[in-house]
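Read-outs: derived from the displayed coordinates by stated rules, not from any lab. No experiment lies behind these values; they were computed from the predicted model shown. Methodologically, a virtual Cβ is constructed for each residue, glycine included, from the backbone with ideal geometry; neighbour enumeration extends over all protein chains shown.
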Amino acid sequence: MSTAVLAALALAGCSPAGDADTEASPSAAPADLCDAAAPTGDAVESVTVEGEVGEPATASFEAPLEFDESQRIVLEEGDGDPVASGDYLQYAMTAYDAVTGDEIGQIGYEEAELLPSLVSPEALGQFVGCENIGSRLVLALPGTTAADGTVSNGQIYVFDMLGTTPTAAWGEEQEPTAGLPTVELAEDGAPTITIPEGAEAPETTELSTLKAGDGATVDEGDAVLVQYTGVKLSDGSVFDSSWESGTPAQFQTTGVVEGFKKALEGQKVGSQVLAVIPPVEGYGEGEINDTDLVGETLVFVVDILATQHVAAAATETPAE
């Protein structure tokens, strides 16, 4: 499936259903996910779907389907918990061209094909509403016209809500490596890192698996969803943290410093990894100063929440 199709769904999910010219504001945002859900309509009601939830679907409809606004309908109601704002939704979908009826592609049915997506009234809420995990929906997205005049046909999606991803590592706890910084976790999983007295920089990155996950293995170049906190070995001060920013970070393993990359690639989803990164595999050698991380040995605690085996563009990097 093309990245353009995936982008269409993501972008549509970021806009409330209704007038596209209406400026969004906090006061105008839907009260909750149930209110955010797009209405049903003739287009989605005309689609027939074969196949089990969680497996590739086959949809049929009389093309072309014409619709000017997003539509949704629940084909099968799941027996899981209702999705909530702040959840990271695991999903799979099959896409069709609403004008030609041709299948565009399928994605999310195999392990590590998609990263989970954040759910809110403004993002995905108009599609998933407050439905239960395990539900199957049919979605209709109107066609678009780009600034250069390029026209994209409307699309029909069979959309399966597979599960939610925790926002902290859930793997089995491991015995920490003696002599490395110690880690204490808050109730929500946020780490506090303590540097041992007299700690020195290693020659190469030292890793210690604090929790061993059993999910997909992170491959070179994967896109990942992680939580992380980074401190300086020199004084223990926090210089960057997804926990402090409020949301997990998403980026490619090739978009971070070498030591951080080592903490990701080859690890399994669900793991928590401690990494002590010398300057040579961090931000380089040089005189330590207050404005950058040159010359600093870095200590990261990384929770690996999900991975996607694709060469997706990096959108965030820790400690830029």
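Here are the numbers:
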| quantity | calculated |
| --- | --- |
| Extended-chain gain in nm, criterion 0.36 nm per residue less alpha-carbon gap, Asp79 and Ala178 | 31.1 nm |
| Added length on full extension, which subtracts the Cα-Cα distance from 0.36 nm per residue, Val238 to Cys130 | 35.2 nm |
| Debye, to nearest 20: dipole size of segment 172-308, +1 on Lys, Arg Cβ, -1 on Asp, Glu Cβ | 280 debye |
| Residues Ser60, Ser85, Ser241, sorted so that the one with the fewest Cβ neighbours within 10 Å comes first | Ser60, Ser85, Ser241 |
| Potential extension, Glu103-Ala212 segment - 0.36 nm per residue separation minus Cα distance | 35.3 nm |
| Sequence-separation-based contact order of segment 172-308, relative, with Cα cut under 8 Å and 6+ spacing, percent | 30 percent |
| Against the rule of thumb 2.2 N^0.38 Å, how large the Cα Rg of the chain comes out | 1.13 |
| Label-reachable residues, segment 158-182, where backbone N falls under 20 Å from a point 7 Å from Glu197's Cα toward its Cβ | 178-182 |
| Segment 124-144 residues near the modelled Glu113 label - backbone nitrogen below 17 Å, point 7 Å along Cα→Cβ | 134-139 |
| Cα gyration tensor shape of segment 221-265, rounded if a/c is under 1.5, else prolate or oblate by comparing a/b with b/c | oblate |
| Shape category assigned to segment 30-74 from the gyration tensor of Cα positions, a/c cut at 1.5 | oblate |
| Computed [θ] at 222 nm, deg cm²/dmol, the chain (DSSP H ≥ 4; -39,500 (n - 2.57); rounded to nearest 500) | -2500 deg cm²/dmol |
| Two-site label geometry, Glu287 and Ser152: point separation in nm, points 7 Å out along Cα→Cβ | 5.1 nm |
| Residues Asp303, Asp68 arranged by fewest to most Cβ contacts within 10 Å | Asp68, Asp303 |
